[in-house]
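The values are calculated or read from the model by the stated rules, or taken from the named source; none is laboratory data. Given the structure is predicted, the values throughout are model-derived calculations rather than measurements. Please note: Cβ atoms are built from the backbone with ideal geometry, for glycine as well, and neighbour counts cover all protein chains shown. Areas reflect the complete protein model, heavy atoms only, side chains present, ligands, DNA and RNA absent. Shrake-Rupley method; radii C 1.70, N 1.55, O 1.52, S 1.80 Å.
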Amino acid sequence: MEYYFKTMASPVGSLTLIASDKGLSAVQWERGNPDRTRTGIENVNHPVLMETERQLNEYFQKKRKVFSLDLDFAGTDFQIKVWQALLTIPFGETRTYGQIAEQIGNPQAVRAVGGAANSNPISIVAPCHRVIGATGKLVGFGGGLANKALLLALERPYKQTSLWEQD
């Protein structure tokens, strides 16, 4: 299967979008680990990549709360189960790793859920930034805690960012 990529500017830095013809397979952070996802052939006109960029821009402009994209997750069955659970977290809400573990029917798998969320290749769209620690603190995020706070603030326009504690 061929993979294609394009880069876009965003309020959280440069993002590399990666897709197959089946759907979006990654949103890679500027300082992210490039070994976590496939790259492929640059194609700025690929329809999946163009639509992803359009929807992300709407999200950053506070004009979109829900993404409508075909996704092409590649991971273990457990990871994909966690990533699918991330997609159910409503805009402007958060969940803890424990809540996600319970949701997928494995309440003892809190650490494994954290590991799967940390390896989520389609961040922002599959909103791992909405997962917080049990104490309410911002923890573990591939894009960095400052970007996690920025995304949460973007989704909660009336909540002051300073109220979010960071580890």
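For the listed peptides 51-63, 89-101, a ranking on the average number of other beta carbons within 10 Å per residue, highest first, reads 89-101, 51-63. Averaged over its residues, the chain has an accessible area of 51 Å² per residue, based on protein heavy atoms and a 1.4 Å probe.
The peptide list 41-47, 139-145, 125-131, put in order of mean Cβ contacts within 10 Å with the highest first, becomes 125-131, 139-145, 41-47.
About its Cα centre, what dipole magnitude does segment 58-167 give when the only charges are +1 on Lys and Arg Cβ and -1 on Asp and Glu Cβ, stated in debye to the nearest 20? Don't skip to the end; give the middle numbers.
On the way: 12 positive and 9 negative charges, 70 e Å.
Approximately 340 debye in magnitude.
Note on I41 and I104: the model spin-label points, each 7 Å out from Cα along the C-beta direction, lie 3.4 nm apart.
Highest mean packing comes first when the peptides 6-18, 111-123 are listed by Cβ atoms within 10 Å, giving 111-123, 6-18.
For P47, the shell of other residues with beta-carbons less than 14 Å away shows a net charge of -3, using +1 for Lys and Arg and -1 for Asp and Glu.
On the accessible surface of the chain, probed at 1.4 Å, how many percent belong to carbon and sulfur atoms? Could you put the intermediate results ahead of the total?
Values: 4110 of 8560 Å².
The computed percentage sits at 48.
Amide H to amide H distances under 5 Å link T96 with I132, where only residues 5 or more positions off or on other chains count and H is placed in the peptide plane.
Under 26 Å of direct C-alpha separation, and excluding same-chain neighbours fewer than eight residues apart, K81 reaches these lysines: K22, K65, K137, K148.
For a paramagnetic label modelled on R156 (point 7 Å from Cα along Cα→Cβ), amide N atoms under 15 Å away belong, within segment 95-127, to 95-97.
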